[in-house]
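Peer 1: Structure in C-alpha cells, see below.
Bear in mind that the values in this text are calculations on the coordinates, not laboratory data. On a predicted model such as this, the values are computed, not experimentally measured, just so you know. We place every Cβ from the backbone using ideal geometry, glycine too, and count neighbours over all the protein chains shown.
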Amino acid sequence: MNNDLIGKRITIGGIVQGVGFRPFVYSLAINNQVNGWVRNTSAGVEIEVTGDPQKISDFIHEIRSNPPILSRIDQINIIDSDVIDYTKFEILVSQPEEGQFLPVSPDVSICPDCLRELFDPNDRRFRYPFINCTNCGPRFTIIRNIPYDRPNTTMSKFSMCEQCKKEYEDPLDRRFHAQPIACPQCGPQVWFEAQGKTLAKGEEAIQITRKWLAEGRIIAIKGLGGFHLTCDASHEHPVTELRRRKRRSDKPFAVMVFNENIARKHCILSNQEIQAITSKEKPIILCQRSSDSNIVEEVVPNLNTLGVMLPYTPLHYLLLEPAPGYPEVLIMTSGNLSEEPIAYSNSQAVETLSRLADGFLFHDREIHTRVDDSIIQVQEGHFYSIRRSRGYAPNPIVLSNPVPELLATGAGLKNTFCLTRENYAFVSHHIGDLENLETLSAFETSIHQYEQLFRIHPESIACDLHPEYLSTRYAENRSRDENLPLLRIQHHHAHLASCLAENHWSSDEPVIGICFDGTGFGTDGAIWGSEFLLGGFSGFDRKYHLKYIPLPGGDKATYHPSHIALAHLWAEGIEWANDLPPINQYSHSNLEILRQQLAQNINCPLTSSMGRFFDAAASLIGIRHSVNYEAQAAIELEALADPNENGTYEFSLEEGVINPNLLWKSIIEDIRAHISTPVISARFHNSITQMVITICDRIRSETGYHTTALSGGVWQNQYLLQQTVQKLEENGFTILQHSQIPTNDGGISLGQAMILAHSINK
Ligand code: ZN
Ligand code: ZN
Ligand code: FE
C-alpha cells in the first residue's frame, strides 16, 4: 500500500438529492483518480475517498466550486478517515437514518437538453409531454415521503421499461436516478375529454386542445402543480367569457408565451427581467406591457402591467408551439372558482371546473402537493417575490442560528405557514386566502405533509393576534389538543421580523420597522396598518401611525373606497361637498345613512390602515369608488402617477400620530383647480415618502437608530417603494427590504416563527 495516500470522509447537507449529485461526484472521482464511494443518507450525501492528497484536494475543490446546477450545498464537513485499499469508485445504495431529514428540491422547469429531445424527431421521446432528466422535471409536487426515491413519489405506479431502466441505472447517463424518468412506452399519458367523453389520447389530444384553443374555447389543462384555465389572450370573446364563468371581473390574468422573443413582443423587458423569466424556476414576471401587443385589454383591465411566464413543462411547450394562425399568447390562470384553491386531481377538476371549461386536457401523473405559479417583480435590479410557490417552495430559508422545531400558522389572507428545524425555516408554498373550507383544508393537509416530509414535531406554535383568522383557530386547536404552548404575535411585528429574518439580521440593535399594509389586528383591538415600530425579534414600541378613522362596515368597506374616503373626510371635519367625486356616488339619503353610521359609531371599527388610506385617495381623486379585487384602487392609483411630478402635500405629526388633515385639504384644492389626476396621484405618493423620511429622521434623532425595515403589502407599490428607498438612502439610513419572501402577508409566517424562536431561546 502506498504511504503517500490519505483518506477523507465528506458529508454534505443541503439540496443534494434528486439533483444529479451522486453521478456528479462519481465522474469527479473518476477524473481525479480517487477511489471509494458515495451514497445518499437521510441527512444528505456521504462520500469516502482514498487517494493522492493533491487529487483529493482537487476533488473536494470541484465539489465546492462547481456542484450540479440544481443542488445547493448548505453544509460540508470533511474529516480524516482510514486509508482503505479501494480498487474503484462506486455509488452505494441509500442509507436511511431514523429521524434524519433534508430539504426537498422544488419542481424544476424543463432543461435545454430535454427540450432539444422533445422537438427531435429522431429521439424516442419526441413530443413526449413528460420528458425529464436528473436536471429537470417534477420534484416537490410528486414526493410523498423521503428519501426521494421513485417508490416514494406518485411515479411509483408506472414501472420502467427496459430502456428507461437502463438509463436510470447508468451513472454516466443524464437520467441516472432521475426518479420521474418516463417515456411514451412506460410513462404517464395525456388525453382530452369534453362533456365526460374521451375524444383523443396522446399527440391527438394535444392537437385537439390546440384546435379548440385556436377556435376561442376555454380548456382546463392539468399541469405540474394543478390545473390552469387556458384560452386565447388576443381575442376578446374567450377572455370575457372566462371572466364571466370564473366570476372574476377585473383581476388581471397571467399569460404564457412560447419563448423570450415572443415575450419581448408583448412586454418591455429589462435584462434582469429576461434573467428572471428564463430562470429555471420560470415564475410569472410582472412587467410593463408593450403598446404593440395584441393582447386584449380585458386580460389586464386598467393596468399597464402584465404577468407573463414561459413554458415550464414539456406539455406547455407542445401547447404553445407557434404555428400559422395559432394564438401566440395564452391565458394561464389558476383552475379554480374565484378564491378557492387550485384544482389538482382529475376528479376534483371535473367537479369544480366543468362549468368553467369547454374541455379538459388530463394526464395520469398524480399531483401529490398542489402549487400555484410564483410571481416576481424586478425593479432597479432588485427581485421582489410577490407569491412564492412553484419552483421556490419548499426551499428553506437558511438561518444563521439553529432553532427548535416550531410551527407558525401565518395570516388570514395570502396564507403561508412556516415550520422550523435546525438551521432551516421551511416557509410553505402559497396556500391562499383562508376564507373558505376548501382553502382551510388545503392548509391543514399541507401542514401535515411538511411535518411528515421534514420530520418536524412542533414543540410550540405561533399565530396571529387576530382572534378570527382561521389560521389562529387552527393554532388554538392544535395547542389545546397537543398541549403545546401558543404565542400570539401582533401582525406588524411579524412583518418586521420577517424582513429581519430574510436579511439574516442577528444584531440586538432595534430597527425602525415601517410596516404598511391593509389590515392587521392591533394590541388595542383596532385595525392597524401604517405602523412605525421600533424593535426587533424580541419586541417593539409603536412609535407612529396614521390617525385612527372609523371604518364604516369594517372589513366590508374594503370593497368601497368611496365609503373610506367619506370616513376620512368626516374624521377631519371636511365638508362632503357635491363637487367631490366620491359624493356623487351616493343619493342624498344614502349619504345621510352613512353620516349617521359614522356619528353614532355603528359597526365602525377604528383603523390606521395605509391600504385604506390609498383607497380613500383613489376615490377622492375620482379614480375608483368600488373594487372587485384586493387593492385594486391603490394599484390603479399607482399606475396613473406621473413620474415627473415632484410636488408633495403636508402631514402634521402630533405625539406619535400622523394627521392627514392638511393633505386632504390640499388634494381637494388641487381637484378644484383641475390639476390632472396623474399629478395629484404622484403628489400623494410623494407625500407618503416625505412623511416616512420625516418620521424616520425624528426616531433617529431621538434614539440614534438608523436601520429601517420595509414590510407589508403596501410596499408592492413600486412607485412608492423605489422613491422611498432612494430618499432613505440619501438621508443616510440603512435599508432592509424583502426579496425572496413576499412583503405581503405571505411573509408573516416566517416572522412569527422567528419571534417564537427568539422567545424560546431567551
Ligand atoms: Zn432535463
Ligand atoms: Zn420507458
Ligand atoms: Fe399584513
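Peer 1: So what is the diffusion coefficient of the range 681-762 in µm² per second by Stokes-Einstein at 4 °C and 1.567 mPa s, using a Kirkwood Rh over Cα pairs?
Peer 2: Values: Rh = 14.1 Å.
Translational D for this selection: 92 µm²/s.
Peer 1: Okay, moving on. Restricting attention to the alpha-carbon atoms of the range 587-635, what are Rg (one decimal) and Dmax (integer), both in Å?
Peer 2: Looking at the range 587-635, its Cα Rg and Dmax stand at 12.5, 32 Å.
Peer 1: Run the reach check for K88 against lysines, Cα to Cα strictly under 19 Å, same-chain hits fewer than 8 apart removed. What comes back?
Peer 2: Those lysines meeting the cut-off are K8, K55.
Peer 1: I'd like to know which of I30, F59, V45 lies farthest towards the positive end of the charge dipole of the range 1-80, counting +1 on Cβ of Lys and Arg and -1 on Cβ of Asp and Glu.
Peer 2: V45
Peer 1: Output the relative contact order of the range 230-389, whole-number percent, from Cα pairs under 8 angstrom with separation of 6+ residues. Please list the in-between numbers first.
Peer 2: Values: 256 pairs, mean separation 46.0, N = 160.
It comes to 29 percent, rounded to a whole number.
Peer 1: Something else: For S507 paired with K197, estimate the spin-label separation in nm (one decimal), with each label point 7 Å from Cα along the Cα-to-Cβ line.
Peer 2: Placing both labels 7 Å beyond Cα along the Cβ direction yields 7.1 nm.
Peer 1: For the peptides 384-391, 671-678, what is the packing order when you average, over each peptide's residues, the other Cβ atoms within 10 Å and list the highest mean first?
Peer 2: On the way: 384-391: 23.5, 671-678: 13.1.
Packing proxy ranking, top to bottom: 384-391, 671-678.
Peer 1: Would you work out the charge dipole size for the range 680-762 about its Cα centre, treating the Cβ of every Lys and Arg as +1 and the Cβ of every Asp and Glu as -1, and quote it to the nearest 20 debye?
Peer 2: Working: 5 positive and 5 negative charges, 17 e Å.
It works out to roughly 80 debye.
Peer 1: Could you tell me the convex hull volume per residue, in Å³, taken over the Cα atoms of the chain?
Peer 2: Details: hull volume 132.5 nm³, N = 762.
Taking only Cα atoms, the chain has a hull volume of 174 Å³ per residue.
Peer 1: Sticking with this structure for a sec: In Å³ and rounded to a whole number, note down the convex hull volume per residue for the Cα atoms of the range 429-509.
Peer 2: 130
Peer 1: Over the chain, what relative contact order in percent results from Cα pairs under 8 Å that are six or more residues apart? Walk me through the intermediate numbers first.
Peer 2: On the way: 1709 pairs, mean separation 82.1, N = 762.
Relative CO of the chain lands at 11 percent.
Peer 1: Based on the Cα coordinates of the range 482-611, what is the per residue volume of their convex hull in Å³? Numbers along the way, then the final one.
Peer 2: Details: hull volume 19.5 nm³, N = 130.
Roughly 150 Å³ of hull volume per residue.
Peer 1: Still on this structure, I have one more. If you take the alpha carbon radius of gyration of the range 122-231 and divide it by 2.2 N^0.38 Å, what ratio comes out, to two decimals?
Peer 2: Numbers: Rg = 15.7 Å, N = 110, 2.2 N^0.38 = 13.1 Å.
Rg over 2.2 N^0.38 Å, computed on Cα atoms: 1.20.
Peer 1: Could I ask something else about it? So how strong a dipole does the range 583-663 carry about its Cα centre when Lys and Arg Cβ are +1 and Asp and Glu Cβ are -1, to the nearest 20 debye? Each step should come with its number before you reach the end.
Peer 2: On the way: 3 positive and 10 negative charges, 73 e Å.
Rounded to the nearest 20 debye, it is 340 debye.
Peer 1: Over the range 319-414, with a single point scatterer placed on each C-alpha, what log10 of the ratio I(q)/I(0) does the Debye formula yield at q = 0.24 1/Å?
Peer 2: Relative scattering, expressed as log10 I(q)/I(0), comes to -1.39.
Peer 1: Cross-link partners among lysines for K727, C-alpha distance below 20 Å, same-chain residues fewer than 8 apart left out?
Peer 2: Once the sequence-local lysines are set aside, nothing remains near K727.
Peer 1: Taking one equal scatterer on every alpha-carbon of the range 1-51, how large is log10 of I(q)/I(0) by Debye at q = 0.16, 0.19, 0.24 1/Å?
Peer 2: Result of the Debye calculation: -0.46, -0.62, -0.89.
Peer 1: Of the options T523, G513, L534, report the single residue whose Cα projects farthest towards the positive end of the charge dipole of the range 508-550 (beta-carbon charges: Lys, Arg +1; Asp, Glu -1).
Peer 2: T523
Peer 1: Compute the Kirkwood hydrodynamic radius of the range 268-386, taking the inverse of the mean of 1/r over all pairs of distinct Cα atoms, and give it in Å to one decimal. Mind dumping the intermediate values first?
Peer 2: Numbers: mean 1/r = 0.0611 Å⁻¹.
Kirkwood hydrodynamic radius for the range 268-386: 16.4 Å.
Peer 1: While we're on this one: Would you mind getting the Kirkwood hydrodynamic radius of the range 95-147 from its Cα pairs, rounded to one decimal in Å? Intermediate values should be presented prior to the final figure.
Peer 2: Numbers: mean 1/r = 0.0775 Å⁻¹.
Every distinct Cα pair counted, the radius reaches 12.9 Å.
Peer 1: Past 20 Å, Cα to Cα, is the threshold; run K157/K222; K222/K282; K201/K222; K197/K222; K543/K665; K222/K246 against it and keep the listed order.
Peer 2: Details: K157/K222 18 Å; K222/K282 17 Å; K201/K222 14 Å; K197/K222 17 Å; K543/K665 25 Å; K222/K246 17 Å.
Over 20 Å Cα-Cα: K543/K665.
Peer 1: Another question, then. Let me test this: with uniform point scatterers at the alpha carbons of the range 1-99, what is the Debye-based log₁₀ I(q)/I(0) at q = 0.13, 0.24 1/Å?
Peer 2: Each listed q corresponds, in turn, to -0.40, -1.36.
Peer 1: Using mean Cβ contacts within 10 Å as the protection proxy, how do 142-149, 590-597 order, highest first?
Peer 2: Working: 142-149: 19.5, 590-597: 13.8.
Order by mean packing, descending: 142-149, 590-597.
Peer 1: About the Cα centre of the chain, what is the dipole size in debye to 20, counting +1 per Lys and Arg Cβ and -1 per Asp and Glu Cβ, all else neutral?
Peer 2: Numbers: 65 positive and 90 negative charges, 266 e Å.
That gives the chain a dipole magnitude of about 1280 debye.
Peer 1: Leaving out same-chain residues fewer than 8 places away, which aspartates and glutamates sit with a Cα under 12 Å from that of K547?
Peer 2: E531, E572, E654, E655
Peer 1: Highest mean first, how do 702-713, 446-457, 318-329, 225-236 rank when packing is the count of other Cβ atoms within 10 Å averaged over residues? The partial results should precede the final answer.
Peer 2: Working: 702-713: 20.7, 446-457: 17.7, 318-329: 16.2, 225-236: 23.9.
Peptide ranking by packing, descending: 225-236, 702-713, 446-457, 318-329.
Peer 1: Roughly what percent of Cα-Cα pairs across the range 401-558 reach past 27 Å?
Peer 2: Here the tail beyond 27 Å accounts for 25 percent of pairs.
Peer 1: Then there is this: Work out the FRET efficiency for L92 and N122 from their Cβ-Cβ distance, taking R0 = 41 Å, and round it to the nearest 0.05.
Peer 2: Values: r = 36 Å, r/R0 = 0.88.
Efficiency, from the Cβ-Cβ distance: 0.70.
Peer 1: Have a look at T409, F443, A425 and report the one farthest towards the positive end of the charge dipole of the range 395-474, computed about the Cα centre with Cβ charges (Lys/Arg +1, Asp/Glu -1).
Peer 2: The residue sitting farthest along the positive end of the dipole is A425.
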